[in-house]
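Structure first, then comments.
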Amino acid sequence: MTKQRFEELVDQAWEEIPQTFRDRFENVAVFVQDEPTREQLQRGGVGPGYTLFGLYEGVPLDRRGHGYTMALPDRVTLFEGPILRAARSPQEVWTLVYDTLWHELAHHLGMSEDEVRQAEARRQCDVS
């Protein structure tokens with residue numbers, strides 16, 4: 001898969017997120033990066049031999065106070081290499097991109113890792 005096609009999938013995933021949620025995201029930008037850096041792996045709490053599909057870096061909406069002004073956008077980064085290596089089919093690439101984007105954006109809304117995982121489990125039950 002080309003980098004351009006992967007970026008198109010990320011754009012499509014953004015468009016698939018319901019507008020009611022997209023309207024809640026403030027001062028956040030989505031990026032595609034080939035691989036996570038060592039520092040990103042450390043910030044993500046990833047141990048040796050593991051990797052990240054995505055990473056949220058910023059100040060969640062529920063922690064922004066009156067002093068939160070003129071700040072650079074929060075970053076949601078999706079890592080192309082790990083996603084492509086994990087996917088067994090083009091459809092699975094799409095699913096991993098979509099799920100990873102949702103996961104990282106949930107952190108932007110202020111959800112902890114446990115809360116995100118619980119929400120993902122509920123969403124999987126709703127789909128089944």
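Once you have a ≥ b ≥ c as the square roots of the Cα gyration tensor eigenvalues for region 1-106, tell me rounded if a/c is under 1.5, and otherwise prolate or oblate according to whether a/b is larger than b/c.
Details: a/c = 2.23, a/b = 1.33, b/c = 1.67.
Cα axes put region 1-106 in the oblate bin.
When only C-alpha pairs under 8 Å and at least 6 residues apart count, what is the relative contact order of the chain, in percent? Could the numbers behind the result be given before it?
On the way: 130 pairs, mean separation 40.0, N = 128.
Value for the chain: 31 percent.
Would you mind telling me the antiparallel percentage of the DSSP bridges in the chain, rounded to 5? Mind showing how you got there, number by number?
Working: 4 of 10 bridges.
Of the beta bridges lying entirely in the chain, close to 40 percent run antiparallel.
Round to the nearest 0.05 the FRET efficiency obtained for Ser112 and Arg88 when R0 = 25 Å and r is the Cβ-Cβ distance.
Details: r = 30 Å, r/R0 = 1.20.
Efficiency at R0 = 25 Å is approximately 0.25.
About its Cα centre, how strong a charge dipole does the chain have in debye, to the nearest 20, once Lys and Arg get +1 and Asp and Glu get -1 at the Cβ?
Working: 14 positive and 22 negative charges, 40 e Å.
Dipole of the chain, to the nearest 20 debye: 200 debye.
If a/c stays under 1.5 just call it rounded; otherwise compare a/b with b/c (prolate if a/b is bigger, oblate if not). Do that for region 63-128, with a ≥ b ≥ c from the square roots of the Cα gyration tensor eigenvalues. Kindly include the intermediate steps, with their values, before the conclusion.
Numbers: a/c = 3.50, a/b = 1.55, b/c = 2.25.
It comes out oblate by the Cα gyration axes.
Using Cα springs under 10 Å in a Gaussian network model of the chain, which residue among Val97, Val116, Val76 shows the largest mean-square fluctuation?
Val116
Values in this text are rule-based calculations from the coordinates and carry no lab data. A quick note: this is a predicted structure, and the numbers were derived from the prediction, not measured. FYI the Cβ positions are ideal-geometry reconstructions off the backbone, even for glycines, and counts take in every protein chain you see.
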